[in-house]
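The values are calculated or read from the model by the stated rules, or taken from the named source; none is laboratory data. It should be emphasised that the depicted structure is a prediction, and the values quoted were computed from it without experimental measurement. Here the Cβ positions follow ideal geometry from the backbone for every residue, glycine too, while neighbour counts run over all protein chains shown. Please note that ligands, DNA and RNA were not included when accessible areas were found on the heavy atoms of the full protein model with its side chains. Shrake-Rupley method; radii C 1.70, N 1.55, O 1.52, S 1.80 Å.
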Amino acid sequence: MSGEDRPPADQVEHARLQKALRESLILRELADILNSSFDLEHILQELVKRTTELCEVTRCAVWLLEETWNRFRPVTYYVASPSLREEMLKTADAIWYHSPLPPDNPVIQQLLSAGGMLYLEDLRTEPTVATFAETFQVHSVLLIALIREGRPVGMMSLDEPGQPYTFSQDQQQLARAIAQQATIAIDNARLYQQAQAQKRRAEQLIERARAIYQVAMTVNSGEELPAVLRLATSHLVRGLGAEDGRAMLLEPGETTLRPIHPADYQASVDSSSLTFSLERLPHFRHAIATGKPILITSNQAKAEEIEWFRLFNLKNILLVPLLGSTPEQEANWDLPGESKDISEEGGTLPAVYCPGLIAIHYTRRREPTRGEYAFAQDIAAQCALAIEKARLLADTRRIADVAIERANMLDEFLAVTAHEFRNPLTVILARSQSALRALRRANRAEHAETSYAQVEEHLELIAAQSKQLNNIVTTFLDAARLNQGQFTLKTEIVDLGQIARQVVANQASLADHHTLRCQLNEVQAPYLVHGDQARLAQIIANLVENAIKYSPLGGPVTVMLHKRQKGDQAETIEVRVSDKGVGIPPEAQARLFERFYRVPNVASGEIRGVGLGLYIVAHLVRLHGGEIRVESSGLPGEGSCFIFTLPALALSAENKQPGAGAAHHTDQIT
Ligand code: ADP
């Protein structure tokens, strides 16, 4: 070959420069492509494909060093020859992605110590990667480390599958330059992704803080408990990426959970059975006992929980006890992935009272992160606060109601007393002054006889009014003693029939417009009971007095006695006191035996009374082991009938007296 044939030196130089220029253009273009995206997967796919083109090799693959630094993970490869690619895909594709290399692998170590590029003539001779080389038909290989600021990010490999191959200087240089560009793009994409993840985390934190704030605000605004728990549940479901949730309450000292939103359940369960016993829900019991959230799958469900899962078609639930926890408690939780075996007992209930829990439902099993647990706890603490507030409020309301009722009662008492005392007192005052005047006249011997007669008349009226006052005071004292439980009966065996007769006889002497009757069944007599003679008389007398009082137009007043026996129950004596008076409207009957209650109708408004008589009567009947009720249509003229029953004294056969002739005996007194 002559010297003429050789290209002149400047021509060589020119070609070299042109090539360098071309390469730098190619690299710039590649850099543009790689840097145009932050999508790591896309970058790597472009990288392996372009590298095979630019370096004119059949295969290029990339491994990345995982952020935890413990392995080089195969991420992408490209095979330029379509036929080969298909074959590769068939045999090795799946396992390739699962063939990571440890960073201390000798080949990788060799690569890093060789300055980041290593040419191996036959990879199959390297013992630690021989199987790998065999499986993926790697023969000669060019390895290039991806190094950013002195630390490895990953590695790239170029080869001709199944063949020995020698990489030219140019190929090696180009590959190294490509790797440099790729490292920058990969690192940028990773940084970008990290920043994105951080941003997402920050957004999540803000969203959680906002949710907690919103629930706290709702608690403070005094919103009703169901609304607060509804909001809290929906935040929990959203914040924990779950499907739905249910809140349940646990009353102090109770062992049954009661749903707070029963309407949510009605489609699947009948609302009367909507309480769940903790005895039969061991995981629920455990969550409440430990005060920390617990995740259970339908497989882990025990006892009644299985039924619970089935009923609501649940897959996995996170039980969040509604209890504030301290940071130390949270630090001690063995999270995540906790799936302890819970015994059927599920732990004893804690000294710290947990007022309820929220069950969060996931269709896919998903262990919440520590952050999510903390979020759940914060929401739970707010819920616990809301429940406590609601209970305090309810207590306060109850106390206020009692206080108001007492105050009303006192008002009523004062009104009644003032009214009832004033009338007799006015009479007494006026009459005593008149009596005094008449007495002075008599003393001055002016019409002495008439004056004395007047004095007597005045004094009689004064005595009658004083007696009435005395009755009222006795009534008040009786009511007060009954109310304070300081009432004792002097019991003995007494004949209720005789008592009734006596009372009717006494009352008849006072009644002008009424016909009083006492009807006894002589065959059934005597009507023996264990009781306090005076108090039994008081009961009947009061009922008869009322019968007279509340039938102002007169008419019959009847007292009837019967013995009754129902099935094999003990025998009772029934006393009925009936009249044909103003009657008692049905709506007033329920309150009739309350203190100070007077039926708000015209008739009773015109008739004087303090509304304590029936209260005392009912108390006395109950003290005797009996019952009292009223029957009335409420229509004036149809009257009322008060019926009380007492247990009859059981008599032995020989004590029974024979029937005294007349089957039915009536005392009629007008
Ligand atoms: P009072 O002192 O007002 O009579 P009671 O306790 O004896 O108090 O009775 C309560 C109310 O029940 C009365 O105010 C009256 O309205 C009603 N009542 C009681 N007995 C009768 C009756 N026989 N007929 C109609 N109303 C009655």
| request: Check residue 669 against each of (1) within 8 Å of the ligand (Cβ to nearest atom); (2) at pLDDT below 95 and name the one condition it does not meet. | output: (1)
| note | Of the listed residues (523, 529, 544, 503), the one being part of a loop (DSSP other than H, G, I, E, B), farther than 14 Å from residue 616 by Cβ and in contact (Cβ under 8 Å) with a residue 40 or more places away in the chain is 523
| request: Sort out which residues of region 435-494 are more than 30 Å from residue 545 (Cα to Cα), of a type in the set (S, T, N, Q) and without any contact (Cβ under 8 Å) to a residue 12 or more places away in the chain, and write them in order of number. | output: 443, 450
| request: Looking only at region 557-575, decide whether some residue is more than 8 Å from the ligand (Cβ to nearest atom), over 20 Å from residue 496 (Cβ atoms), open to solvent by less than 50 Å² (accessible area, probe 1.4 Å) and in the same structural domain as residue 524 (by TED's automatic domain parsing). | output: no
| note | Sole miss for residue 517 among (1) in contact with a Leu (Cβ under 9 Å, 6 or more places away or on another chain); (2) assigned to a strand (DSSP E or B) is condition (1)
| task | Kindly establish whether residue 538 is touching a Lys or Arg at 6+ places or on another chain (Cβ under 8 Å), closer than 29 Å to residue 492 by Cβ and open to solvent by 30 Å² or more (accessible area, probe 1.4 Å). | result | no
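Per-residue answers, yes or no, for (1) at pLDDT below 55; (2) surrounded by 12 or more Cβ atoms within 10 Å (Cβ to Cβ):
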site: 316; (1), (2): no, yes
site: 322; (1), (2): no, yes
site: 346; (1), (2): yes, yes
site: 354; (1), (2): no, yes
site: 364; (1), (2): no, no
site: 368; (1), (2): no, yes
site: 376; (1), (2): no, yes
| query | Pick from 461, 510, 496, 482: which is within 24 Å of residue 427 (Cα to Cα) and surrounded by 14 or more Cβ atoms within 10 Å (Cβ to Cβ)? | reply | 461
| request: Could you check, for region 435-457, whether at least one of its residues is under 30 Å from residue 552 (Cβ atoms) and of a type in the set (Val, Ile, Thr)? | output: no
| said: Given the criteria in the same structural domain as residue 250 (by TED's automatic domain parsing) and either farther than 30 Å from residue 207 by Cβ or open to solvent by 90 Å² or more (accessible area, probe 1.4 Å) (or both), does residue 412 qualify? | reply: no
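Listed here are the residues, each with its yes/no results for (1) in a loop (DSSP other than H, G, I, E, B); (2) open to solvent by less than 40 Å² (accessible area, probe 1.4 Å); (3) modelled with pLDDT under 90; (4) within 8 Å of the ligand (Cβ to nearest atom).
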{"site": "582", "(1), (2), (3), (4)": "yes, yes, no, yes"}
{"site": "595", "(1), (2), (3), (4)": "yes, no, yes, no"}
{"site": "598", "(1), (2), (3), (4)": "yes, no, yes, yes"}
{"site": "643", "(1), (2), (3), (4)": "no, yes, no, no"}
| message | Which residue is surrounded by the fewest Cβ atoms within 10 Å (Cβ to Cβ), if the candidates are limited to region 49-78 and must be within 21 Å of residue 112 (Cα to Cα) and of a type in the set (A, V, I, L, M)? | response | 75
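Within region 293-314, track down each residue that is open to solvent by less than 40 Å² (accessible area, probe 1.4 Å) and modelled with pLDDT of 85 or more. Walk me through how you get there before you give the answer.
Initially, region 293-314 is screened for residues open to solvent by less than 40 Å² (accessible area, probe 1.4 Å), giving 293-297, 301, 305, 308-309, 312, 314.
If the condition is that a residue be open to solvent by less than 40 Å² (accessible area, probe 1.4 Å) and modelled with pLDDT of 85 or more, then 293, 294, 295, 296, 297, 301, 305, 309, 314 are the ones that fit.
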| field | Scope region 604-614; condition more than 7 Å from the ligand (Cβ to nearest atom) and either in a helix (DSSP H, G or I) or at pLDDT 95 or above (or both); matching residues | value | 605, 606
